[in-house]
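Trainee: One structure, as structure tokens, below. Some questions next.
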Amino acid sequence: MPLTHHETRIYRNRGVVIMLPTSYEQLMNETLAAIEPLWARYPKTRRMWQLLTTDAEAIANWDMADYLTAVKLNYNDHGMTHAIIAAANAIRIFHLLAEAEVTPDVVASGAGDLDDACLVTATATLLHDIGNQVHRKYHEMIGVGLAQPMLDRLMPEIYPDVEKRVQLRAFILHAILSHDFDPPPLTVEAGIVAVADGTDVTKGRGRKAFDLGKVDIHSVSALAIDEVHIGPGNGFPVEITVVMNNSAGIFQIEDTLTKKVVKGPLSRWITVTACTRPSDSPTDARIIERLTLRNGAFVAE
């Protein structure tokens, strides 16, 4: 899902000169357009998506989580925009794995079908960061407590059967708790949530921290990611390709994405490729040309 470059402007701050989008509306639209063809396969997931993204309580949760992380802690976006981008990417990853006949735990356990497993994945990703509204520390556990009453209120519309609803709710809460690997995810659905969380890294998404004075490898590296593409890979059901404008982006990729692939339950089925823009690019993208994840580590090709 590449950024649309005709809606960009030159960004200059502390020696950094790059093109950044004027807003992330286009990125959101492109992300949502990518999952639109999939809704016919996952009607229950689509209904839950509609319920959550228009729910006043859910929206307030996202707003407050974003306020505390972005304004008080100088972190990047942890609100509704991040939730939707990550959740849409989670659905795309889920679908590619399903096409490759990877069995999600909801199906393996007998709790539901593929649509139910997709709903678990999408719902957990939408709600994974809401605990940040209380504090970043323990936000995973706090998020579980905040999500449960919302799920109990919204899920009966889709699942009138109490036993089925409680089983699926358990998978959702597990994925929320484990999305940052403390504790580690144990299910395929939770692994997808964790990886999808790390795909929302396109440049400027972490700009606020840099603007507010956080000048370190985390903030600079966050400005170096141009595009993230999700699709089938060579020998893997899923390949996540990250295009950088500067080799510093490799830190951001390893810190937020590859460790979740390598350490999670999806390492057999997902690979990550990181590459810089062409060698004639006017920006500093020369140190690294292309790296691919092999046996848990990046190697040059």
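Trainee: Residues of the stretch 225-273 being of a type in the set (S, T, N, Q), closer than 23 Å to ALA98 by Cα and not in a loop (DSSP other than H, G, I, E, B), which ones? Steps first, please.
Mentor: So in the stretch 225-273, the residues of a type in the set (S, T, N, Q) come out as 234, 241, 245-247, 252, 256, 258, 267, 271, 273.
Of the ones still in play, those that are also closer than 23 Å to ALA98 by Cα are 234, 241, 258, 267, 271, 273.
Scanning the stretch 225-273 gives THR241, THR258, THR271, THR273.
Trainee: Just a yes or no: is a residue in the stretch 71-80 of a type in the set (S, T, N, Q) and part of a helix (DSSP H, G or I)?
Mentor: No; the residues of the stretch 71-80 include none that is of a type in the set (S, T, N, Q) and part of a helix (DSSP H, G or I).
Trainee: From the list GLY198, GLY206, exactly one residue is modelled with pLDDT under 75 and under 18 Å from the mean Cα position of the chain (by Cα). Which is it? Quick ask: steps written out before the conclusion?
Mentor: Values: GLY198 fails: modelled with pLDDT under 75.
That would be GLY206, the only listed residue that is modelled with pLDDT under 75 and under 18 Å from the mean Cα position of the chain (by Cα).
Trainee: I'm checking my understanding of the structure. Among residues of the stretch 20-61 that are part of a loop (DSSP other than H, G, I, E, B) and at pLDDT 95 or above, which one is surrounded by the most Cβ atoms within 10 Å (Cβ to Cβ)?
Mentor: Among residues in the stretch 20-61 that are part of a loop (DSSP other than H, G, I, E, B) and at pLDDT 95 or above, the one surrounded by the most Cβ atoms within 10 Å (Cβ to Cβ) is TYR42.
Trainee: While we're on this one: Taking ARG92 and the conditions (1) surrounded by 23 or more Cβ atoms within 10 Å (Cβ to Cβ); (2) in contact with a strand residue (DSSP E or B) (Cβ under 6 Å, 6 or more places away or on another chain), which numbered condition does it fall short on, given that it satisfies the others?
Mentor: (1)
Trainee: Looking at ALA147, ALA190, ALA175, ALA170, which one is at pLDDT 95 or above, in the same structural domain as LEU96 (by TED's automatic domain parsing), within 20 Å of the chain's Cα centre (by Cα) and farther than 14 Å from GLY264 by Cα?
Mentor: Details: ALA190 fails: farther than 14 Å from GLY264 by Cα; ALA175 fails: farther than 14 Å from GLY264 by Cα; ALA170 fails: within 20 Å of the chain's Cα centre (by Cα).
Of ALA147, ALA190, ALA175, ALA170, the one residue that is at pLDDT 95 or above, in the same structural domain as LEU96 (by TED's automatic domain parsing), within 20 Å of the chain's Cα centre (by Cα) and farther than 14 Å from GLY264 by Cα is ALA147.
Quick grid of which residues meet (1) in contact with a Lys or Arg (Cβ under 9 Å, 6 or more places away or on another chain); (2) of a type in the set (A, V, I, L, M, F, W, C):
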{"site": "ASN29", "(1), (2)": "no, no"}
{"site": "ILE35", "(1), (2)": "yes, yes"}
{"site": "ALA40", "(1), (2)": "yes, yes"}
{"site": "THR54", "(1), (2)": "no, no"}
{"site": "GLU57", "(1), (2)": "yes, no"}
{"site": "TRP62", "(1), (2)": "no, yes"}
{"site": "ARG92", "(1), (2)": "no, no"}
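Trainee: Take the residues of the stretch 95-113 that are of a type outside the set (Gly, Ala, Ser) and touching a helix residue (DSSP H, G or I) at 6+ places or on another chain (Cβ under 6 Å): which is surrounded by the fewest Cβ atoms within 10 Å (Cβ to Cβ)? So that I can check it myself, show each step before the final result.
Mentor: Keep residues of the stretch 95-113 that are of a type outside the set (Gly, Ala, Ser), which gives 95-97, 99, 101-107, 113.
Of the ones still in play, those that are also touching a helix residue (DSSP H, G or I) at 6+ places or on another chain (Cβ under 6 Å) are 95, 104-107.
Working: HIS95: 21, PRO104: 25, ASP105: 20, VAL106: 26, VAL107: 17.
Ranking the candidates gives VAL107 first.
The values are calculated or read from the model by the stated rules, or taken from the named source; none is laboratory data. Here the structure is a predicted model, which is why all the values come from computation and not from measurement. Note that we place each Cβ from the backbone using ideal geometry, even for glycine, and neighbour counts take in every protein chain shown.
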